[in-house]
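Taken together, the values in this text are just the output of simple stated rules run on the coordinates, not laboratory data. Remember, it's a predicted structure, so these values are computed and weren't measured experimentally. Every residue, glycine among them, receives a Cβ derived from its backbone with ideal geometry; neighbour counts consider all protein chains shown.
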Amino acid sequence: MARTYYIKTYGCQMNSHESEKLSGILSQRGYVEADSPENSDVVIFNTCCIRESAETHILGNLGIIKKAKERRPSMIVGVCGCMTQQSGAAEKLKKRCPFIDIIFGTHNLHKLSSYLDAAEHGKKVIDIWEEDNGIEEGLPVKRAGNICALVNIMYGCNNFCSYCIVPYVRGRERSRTPDNIFADVKSLIESGYKEITLLGQNVNSYSCDGVDFAELLDRLSDIKGEYWIKFLTSHPKDISEKVVSVISKKEHLAHFIHLPLQSGSDRILEMMNRKYTAREYLNKIEMIKSYLPDVGLSCDIMVGFPTETEEDFVQTLNVVEKVRYSNLYSFIYSQRKGTPADIMPQVPIEIKKERIDRLIKKQFSIANSIAAESIGKIYTVLCDGKENDNFIGKTQSDKKVIFTGSNSKVGEFSKVEITEANNSKLIGTEVR
Ligand code: 5AD
Ligand code: SF4
């Protein structure tokens, strides 16, 4: 019988895609994916450390795996990703969870096969690299689906926002060559993928072989086929008119931009080291809307950053009201060891909770009114699932749509007229 593996992924799309590479390596070794960890021969936790809550959750789940390994001692347990890459974290984890067989970081996931060679012979492995030895191309990838695909265009971050652990665990920015990216995207489109999401911590600073991000988008969207391209994440200081203008001209580029604001207070933005003011951010939004009047905007906002006052927070609410995001991801600021904000004066948790509730409420009513405005409109929807007789899909701006129709197919685009909005969910019927 084939040996089995299970990967538990925490965190962002970057991690999800890296788990697809780990899956590729395991499949190449003859392992077959299982649907639960309990009876798997290899269990890997691909971790996140962006907030304390992520780490607490992972440590709790590792406790469950410890019990599973007691029942099945031949199980190989591996832990990798952002959490293990933090300074001193691997050693601490080894002490706290001695049952773990392999601990590796963000720069050496391509080494998994050699770590398994050792672990299969009963050896424990801890291997954390300070940085990578250049971008590792050509790794096998076993993708989670066959409609939407993630493609890295760059790794790392140079921005050092004062709250953020990412630059410490993901290293400095490095971009893949446009030729390698083009080859990946072309082959995905040719094999039927309909949505390609380009990934980078700060895609707007993509630069390689004399090609910038706007030029990369321009080239990729010349590929023939039926698909759309999205990208994550843009930094407000770097998103340029050149990029937005390319999006407005090329039909394959989705009218969707995720543009994290983090805070609407200039004082807090300065302390965060974000390098823009609320006015500059709003000017970018205006520029985007002037090129793409139908754009879907989404955003990350953090509440309770050190020293944030009621007045600072109200400024954030004001920006949210002005922009009208179709999706908002809101977070309570979480202290991260080694970042500058960790030693700044902190805001009490009750205040943070009260503010996030107000932010969520405000966004709820905005999302509802955006959804209500969609009634009667016709959208292109990528159908990515079916539930009973209803199709489930998403618009360019990532809005979920539930619809009926006799010509639609999972994995294809449909034109859908919105007939109803239930909270922020859109309900519609296929039109021909
Ligand atoms: N605490 C809370 N949220 C954070 N983020 C990044 N660092 C922290 C932190 N220390 C949020 C930011 C970022 C998103 C991916 O996670 O909003 O855009
Ligand atoms: Fe973190 Fe800022 Fe880099 Fe985004 S741009 S990954 S928030 S440091």
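Things to note:
- Cα-centre dipole for the stretch 369-432 with unit charges at Cβ (Lys and Arg positive, Asp and Glu negative), debye to 20: 100 debye
- For the stretch 29-39, the Karplus equation 6.51 cos²θ - 1.76 cosθ + 1.60, evaluated at θ = phi - 60°, returns couplings of 7, x, 6, 10, 5, 9, 9, 8, x, 3, 9 Hz by residue, with Gly and Pro reported as x.
- The largest-to-smallest principal axis extents of the Cα set in the chain are 62, 56, 47 Å.
- The H on the amide N of Gly296, modeled in the peptide plane, is under 5 Å from the matching H of Phe256, Ile257, each at least 5 residues off or on a different chain.
- For Ile103, the residues whose modelled amide H falls within less than 5 Å of its own, excluding neighbours fewer than 5 places apart on the same chain, are Val79, Val125, Ile126, Asp127.
- With both labels modelled 7 Å from their Cα along Cα-to-Cβ, the Ala118 to Val32 distance reads 3.0 nm.
- Database remark: amide H of Gly385 closer than 5 angstrom to the amide H of Ile392, Gly411 (H placed geometrically; neighbours at sequence offset of 5 or more, or on other chains; Pro and chain starts carry no H).
- Mean separation of Cα contacts under 8 Å (6+ apart) over length of the stretch 105-236, as relative contact order %: 23 percent
- Extension reserve of the Arg219-Ser53 stretch, reckoned as 0.36 nm per residue once the Cα distance is removed: 55.8 nm
- When only Cα pairs below 8 angstrom with a gap of at least 6 residues are kept, the chain shows a relative contact order of 10 percent.
- Comparing Val211, Val295, Val79 in a Gaussian network model of the chain, where Cα atoms under 10 Å apart are tied by springs, the biggest mean-square fluctuation is seen for Val211.
- C-alpha center-to-center spacing [the stretch 56-110, the stretch 221-256] in angstrom: 38 Å
- Residue pairs exceeding 26 angstrom between C-alpha atoms, taken from Lys8/Lys124; Lys362/Lys409; Lys230/Lys409; Lys242/Lys361: Lys362/Lys409; Lys242/Lys361.
- Cross-link partners of Lys425 among aspartates and glutamates (Cα-Cα below 16 Å; sequence separation of 8 or more within a chain): Glu373, Asp384, Glu387, Asp398, Glu417
- Considering the stretch 290-432, its Cα convex hull presents a mean projected area of 11.3 nm².
- Here the stretch 331-375 is treated with +1 on each Lys and Arg Cβ and -1 on each Asp and Glu Cβ, and its dipole about the Cα centre works out to around 120 debye.
- Candidate aspartates and glutamates - alpha carbon under 19 Å from Lys92, same-chain residues fewer than 8 apart omitted: Glu52, Glu55, Asp101, Asp127, Glu130
- For the pair Ala144 and Arg71, label points projected 7 Å from Cα toward Cβ lie 2.5 nm apart.
- Max mean-square fluctuation residue, GNM over the chain, Cα-Cα springs under 10 Å, options Ile196, Ile103, Ile360: Ile360
- Cut-off 20 Å (backbone N to label point 7 Å along Cα→Cβ of Thr419), residues of the stretch 345-381: 371-381
- Coupling constants for the stretch 200-213 follow from the phi torsions by the Karplus curve (6.51 cos²θ - 1.76 cosθ + 1.60, θ = phi - 60°), and in residue order they are x, 5, 8, 4, 6, 9, 4, 6, 7, 6, x, 9, 9, 5 Hz; glycine and proline get x.
- Placing pseudo-labels 7 Å out from each Cα toward the beta carbon at Asn273 and Tyr329 gives an inter-label distance of 2.1 nm.
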